Amino acid sequence: MSARERVAALLRLADVEIDGARPWDVQVHDERVWQRVLAEGTVGAGEAYMDGWWDVERLDEFFARVLRVRLDGEFRSLAMLGRIALSRLSNVQNRRRSRQVAEQHYDLSNRLYEAMLGPTMQYTCAYYGAGGRTTTLDDAQRAKLALIARKLHLEPGMRVLELGGGYGELARYLAQENGCEVVSYNISGQQVEYGRTLCAGLPVTIHQRDYRDAVNEPAAFDRVVSVGLMEHVGPKNYRSFFELARSRLKTGGLALVHTIGGNVSRTTADPWITKYIFPGGVIPSEAQITRAKEDLFVLEDWHNFGPDYDRTLMAWQANFLAAWPELQEEDGLDERFYRMWRYYLNGTAGAFRARGLNLWQLVLSQGDVARYVPVR
């Protein structure tokens, strides 16, 4: 059986045809792609797409179909097995290595993120609500901020510790709309600069420091919030992450963790994503999270709205495509970057659509809250 025939047989399991007429069928431009995929796994497939060797009209639906039947597992390469072994032997998300994701991904051009994310600059899942009642990305992102504030049962004057601050919009919202004092930790220089400008004049302090440095905060906080950081913490650090959060909480305090979650416990991520998008990133599972927080926190609420991330990613792609001519001209981004970014956005959307990924918000207490009332 030729390499083409072997890959074609696997793709049929996902109802995907080679050179077929449906939007999710693969169109091949270079026959070398088959050997590359079989030899290099998902890295080979992704790099071949970036090089223009194959196309799909609806990449999002292609990925949803492929991931629904778990074909990604069929293309694991020997290199991937090596990365798994490395992750078990070493702490891939140590302080030095954790800076790489900021330098490679989060410190890309602010114009790129402003164009893609919109005015809220929220680079995490929006909240469209029950039945998708919120219709626009911007409104759904504002609804997410409001949801977090409601879940934390904030009161004016409370002190909030934010671990992983993004572009500063959540800190601004908690300070300006809820009357809180916010201390935020973030390792991305560009995000920190952006956030400090956004929060100027508000009781917000943003440190360009690793989240682990928050252990040195001199006083405890009423609330701890972490949105989009857990994906970068790493399995060897999950326990210490929750220990840090608990150590910073006052009596009667609450913590909220907003994270992508997986259905299977892993120690590494997809190798293409690791190489090109999120070096060192790993998606936690339910089992990994519950083991890590055991005997530290009471789980007061666990909310899954993963399908909203599919919708969020497709909205980001629409914004990116609309802005591409300007981004290409002003930032010097090339065709290979364009194809890489679309592959990332559509592949991730497909993973959420296939329900291989979830979006969780966990509310945690130290067991000293008489009754927590969940909100949606």
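Neighbour counts of C-beta atoms inside 10 Å place Val369, Val264 in the sequence Val264, Val369, starting with the fewest.
For Cα pairs less than 8 Å apart in space and 6+ apart in sequence, what is the mean separation divided by the residue count of the chain, i.e. the relative contact order in percent? Show your work: numbers first, answer last.
Values: 665 pairs, mean separation 72.3, N = 376.
Once normalised by length, the contact order is 19 percent.
Ordered from longest to shortest, the equivalent ellipsoid semi-axes for the chain are 37, 22, 19 Å, each the square root of 5 times a Cα gyration tensor eigenvalue. For Thr205, the amide hydrogen comes within under 5 Å of the amide hydrogens of Val182, Val183, Ser184, counting only partners 5 or more places away or on other chains and with H modelled in the peptide plane.
From the alpha carbon centroid of region 264-323 to that of region 25-70 is 23 Å.
Ranked for footprinting exposure by Cβ neighbours inside 10 Å, fewest first, Ile18, Ile277 give Ile18, Ile277. Near the amide H of Asp301, within less than 5 Å, lie the amide hydrogens of Val363, all on another chain or at least 5 residues away, with H placed in the peptide plane.
Distant-in-sequence amide contacts of Leu249, defined by a placed amide H-H separation under 5 Å and a gap of 5 or more residues or a different chain, comprise Phe221.
Within region 3-76, the ratio Rg/Rh, alpha carbon atoms throughout and Rh by Kirkwood, equals 0.91.
Listed by chain and number, the lysines whose C-alpha is less than 26 Å from the C-alpha of Lys293, apart from same-chain residues fewer than 8 away, are Lys144, Lys151, Lys236, Lys250.
So how do Asp334, Asp295, Asp310, Asp210 line up by other beta-carbon neighbours within 10 Å, fewest first? List each step's numbers first, then the result.
On the way: Asp334 10, Asp295 7, Asp310 22, Asp210 18.
With the fewest neighbours first, Asp334, Asp295, Asp310, Asp210 line up as Asp295, Asp334, Asp210, Asp310.
Bear in mind these aren't lab numbers, they're just calculated from the coordinates by the rules spelled out. These numbers were taken from a predicted model, which means no experiment stands behind them. Note: ideal-geometry Cβ built from the backbone for every residue, glycine included; neighbour counts use all protein chains shown.
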